[in-house]
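Notes follow the structure.
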Amino acid sequence: GAVVSQHPSRVICKSGTSVKIECRSLDFQATTMFWYRQFPKQSLMLMATSNEGSKATYEQGVEKDKFLINHASLTLSTLTVTSAHPEDSSFYICSAGVEWTQYFGPGTRLLVL
Amino acid sequence: SQELEQSPQSLIVQEGKNLTINCTSSKTLYGLYWYKQKYGEGLIFLMMLQKGGEEKSHEKITAKLDEKKQQSSLHITASQPSHAGIYLCGADMTGANSKLTFGKGITLSVRP
């Protein structure tokens, strides 16, 4: 149990385009999901907390207009990187909490050319 | 400064050897989580510790949280190549199953 999926696993896009990443809890409901970003050989950095039915809470320094988060249902949160630039290239991972434990998705590698 | 320090940064051990890695916080933790990650993949949950002095084991991996709830160690007995990967500790520093703060991770290599 407690499986989290992400789609797509990899995406390459041109600079200036928008990319949507989906995070799904497959066998449980999650009122809260988290979006992290990870650079090579670096730790995970929390970007935002996604709350079902309400606005996301962004960490300091994360542009909410650039990283749009929508938590439309108890099993789905989406992260849209708008007007992507090469510096947005990174590994994006989501997680969802079940009984005091966070379970992570497999991650999405974004490359912006 | 890093809120969670992991040591050592990397470790290479011979198959069959025991090893211990550490995670230290300057603050008291509500929860301490150990995850394993293969490069470019998601995190696999290993164990969660909440109580001071708590110890948990799963297969050949044992994790402990000190009495002050500021330091945790992860011990692997008789390491195998399958144990290789990046070990990340994550901490709940505010309570209520909230966001986690992560250390930089420890890269473990196991030589056959």
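Each value in this text was obtained by applying a stated rule to the coordinates, not by laboratory testing. The model shown is predicted, which means the values in this text are computed figures rather than measured ones. Virtual Cβ from ideal backbone geometry, glycine too; neighbours counted across all protein chains shown.
Things worth noting here:
- Normalising the average separation of contacting C-alpha pairs (under 8 angstrom, six or more residues apart) by the number of residues puts the relative contact order of chain A at 36 percent.
- The local environment of A:Leu44, defined by Cβ-Cβ distances under 15 Å, has a net charge of +3 under the rule Lys, Arg +1 and Asp, Glu -1.
- Anisotropy class of region B:29-112 from Cα gyration tensor, a/c 1.5 cut: oblate
- Taking chain A as a Gaussian network of alpha-carbon nodes connected by springs under 10 Å, the highest mean-square fluctuation of the residues A:Phe28, A:Phe67, A:Phe39 belongs to A:Phe39.
- Three semi-axes of the equivalent ellipsoid, the protein assembly as shown, Cα gyration tensor, whole Å, largest first: 30, 20, 16
- Relative contact order %, chain B, counting alpha carbon pairs below 8 Å whose residues are six or more apart: 36
- Region B:13-73: GluC sites (Glu not before Pro) in DSSP coil with no more than 15 other Cβ atoms inside 10 Å: B:Glu15, B:Glu59, B:Glu67
- Within region A:1-39, trypsin sites (Lys or Arg not before Pro) in DSSP loop having at most 15 other beta-carbon neighbours inside 10 Å: A:Lys14
- Estimated distance in nm for a label pair at A:Thr101 and B:Ser7, the labels positioned 7 Å out from Cα along Cα-to-Cβ: 3.0
- Measuring nothing but how far apart in sequence close Cα pairs (under 8 Å, 6+ apart) lie, relative to its length, region B:50-112 scores a relative contact order of 24 percent.
- Of the trypsin sites (Lys or Arg not before Pro) in region B:4-112, the ones in a loop by DSSP (not H, G, I, E or B) with at most 14 other beta carbons within 10 Å are B:Lys17, B:Lys27, B:Lys38, B:Lys51, B:Lys60, B:Lys68.
- GNM result for chain A, Cα springs below 10 Å: residue of A:Ala56, A:Ala48, A:Ala72 fluctuating most strongly: A:Ala72
- Working value for region B:68-112: equivalent-ellipsoid semi-axes of 27, 12, 8 Å, each the square root of 5 times a Cα gyration tensor eigenvalue, largest first.
- Between the beta carbons of A:Ile12 and A:Glu63, assuming R0 = 25 Å, the FRET efficiency works out to 0.70 to the nearest 0.05.
- Just checking the listed ones, A:Ser77, A:Ser90, A:Ser50: in the Gaussian network model of chain A with Cα springs under 10 Å, the one fluctuating most is A:Ser90.
- Prolate/oblate/rounded label for chain A (Cα gyration tensor, a/c 1.5): prolate
- Local electrostatic count at A:Cys94 - Lys and Arg +1, Asp and Glu -1, tallied over other residues with Cβ under 13 Å: +3
- Using the Cβ of B:His83 as centre and a radius below 14 Å, the other residues enclosed give a net charge of +3, where K and R count +1 and D and E count -1.
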